[in-house]
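Here's the structure, in structure tokens; my notes come after.
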Amino acid sequence: RPRVLSGIQPTAGSFHLGNYLGAVRQWVALQEAHDAFYCVVDLHAITVEQDPKVLRQNTRVSAAQLLALGIDPDRATLFVQSHVPEHAQLGWVMQCLTGFGEASRMTQFKDKSARQEQSVGVGLFTYPILQAADILLYQAHYVPVGEDQRQHLELTRDLATRFNSRYGKTFRLPEPYIVKDTAKIFDLQDPTSKMSKSVPGGVVELLEDPKRSAKKIRSAVTDTGREILFDAENKPGVSNLLTIYSALTGRTVESLVADYDGKGYGDLKKDLGEVFTEWVTPVQQRVKTYLDDVASLDKILARGAERAREVAAGTLRRTYDKIGFVLPE
Ligand code: TYM
């Protein structure tokens, strides 16, 4: 079975609708026919300052959300990145392979460091290189992510190619798995920029009170005119709402447009608020159930880490050998 790997940061606690529609929804679908590895990337989270208590809690909250959203720990390997030390170890090897200029071209670093108020750490700079290690350790065929991760995937492929040509074939070149329709969910208050936890505005959080979400949806910025049409260029606000509506209900955008013919933006937004509430309410209940039994949750994660380590340790050992390290007996 083809291998899949992806990761999500625990930084914010709650995932937002962009995380779910852009990535996690695909994780759930892919676990059926693929050998899937999904991790909560706590090593990545500390590239900006974290309160230890909050980080520990948010890591569990993230794992609980993945389970509540449909990740099945009997099918997929669900784990916490820091439980598998090979990530940091291969990360170092990859750092030694990356050009300074190459790392400097990462646009997400430029955005994040520009927004950062405290001093910017070196870890934020080398962040995509650790991400490459995450992927290459598992010899993943596909990496399901949103559009914003495309450049990091290109770096990953470049590093794998470089390593392979220098030391002999070691890593598989992973393909990004990006579902076009939902690859970029936009902010409800600014439908020209992506929904993002680091730019709070019109961000719909999965764990907030659904009443609050419905209100955010009702007050989403829409466009001039009054017709409900999908036109990402000229009607980014309405188009974003249609994308979300379609993804949550499984209905096509065309059928929604036909249904809302003659109705107004207000109707669409009110209905979408209800659709979201209905979808998210049982998810929230399941999250709560997982968090009420932390011992069982931690056990699921321990089992995942054990499975992940079996694969990761093998890749790291082969890598060390190729490099010319004396392998410990
Ligand atoms: P993170 O935690 O920022 O986001 C998790 C996933 O959500 C996607 N996403 C979106 N998709 C559509 N529309 C949006 N508005 C939106 N916002 C976020 C992201 O593309 C991502 O797929 N660097 C990664 C985490 C990571 C990783 C990895 C991913 C670490 N190691 C290895 C894949 C493979 C990140 O910061 O994701």
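Residue-wise test of (1) assigned to a helix (DSSP H, G or I); (2) touching a helix residue (DSSP H, G or I) at 6+ places or on another chain (Cβ under 7 Å).
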| residue | (1), (2) |
| --- | --- |
| Tyr245 | yes, yes |
| Lys263 | no, no |
| Glu278 | yes, no |
| Leu297 | yes, yes |
| Leu301 | yes, yes |
| Ala308 | yes, no |
| Phe325 | no, no |
Checklist line | region 311-329, subset hydrophobic (A, V, I, L, M, F, W, C) and without any contact (Cβ under 8 Å) to a residue 12 or more places away in the chain, residue surrounded by the most Cβ atoms within 10 Å (Cβ to Cβ) | finding: Phe325
Item checked: Condition broken by Ala36, with the remaining ones in (1) under 20 Å from Gln149 (Cα atoms); (2) open to solvent by 20 Å² or more (accessible area, probe 1.4 Å); (3) under 19 Å from the mean Cα position of the chain (by Cα) satisfied -> (2)
Notebook entry, point to check: Could we say that Glu102 is away from the ligand (no atom under 11 Å from the Cβ), open to solvent by less than 30 Å² (accessible area, probe 1.4 Å), over 18 Å from the mean Cα position of the chain (by Cα) and without any contact (Cβ under 8 Å) to a residue 60 or more places away in the chain here?
Noted result: yes
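Could you pull out the residue among Ser82, Ser119, Ser62, Ser113 that is of a type in the set (Ser, Thr, Tyr) and open to solvent by less than 10 Å² (accessible area, probe 1.4 Å)?
Details: Ser82 fails: open to solvent by less than 10 Å² (accessible area, probe 1.4 Å); Ser119 fails: open to solvent by less than 10 Å² (accessible area, probe 1.4 Å); Ser113 fails: open to solvent by less than 10 Å² (accessible area, probe 1.4 Å).
The conditions single out Ser62.
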Item checked: Residues located in region 7-33, provided they are more than 9 Å from the ligand (Cβ to nearest atom), out of contact with any Lys or Arg (no Cβ under 6 Å at 6 or more places or on another chain) and either free of Cβ contacts under 8 Å to residues at least 60 places away in the same chain or open to solvent by 30 Å² or more (accessible area, probe 1.4 Å) (or both) -> Arg25, Val28, Ala29, Glu32, Ala33
Note to self: Cβ-Cβ distance below 6 Å, separation of 6 or more or different chains: which pairs start in region 36-61 with a residue that is in contact (Cβ under 8 Å) with a residue 40 or more places away in the chain and end on one that is open to solvent by 10 Å² or more (accessible area, probe 1.4 Å) and part of a loop (DSSP other than H, G, I, E, B)?
What the structure shows: Val41/Gln9; His44/Gln9
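The values are calculated or read from the model by the stated rules, or taken from the named source; none is laboratory data. Bear in mind that the values here come from a model prediction, so they are computed numbers and not experimental data. Heads up, the Cβs are rebuilt from the backbone with ideal geometry, glycines too, and the neighbour counts pull from every protein chain shown. These accessible areas exclude ligands, DNA and RNA; they are computed on the full protein's heavy atoms, side chains included. Shrake-Rupley method; radii C 1.70, N 1.55, O 1.52, S 1.80 Å.
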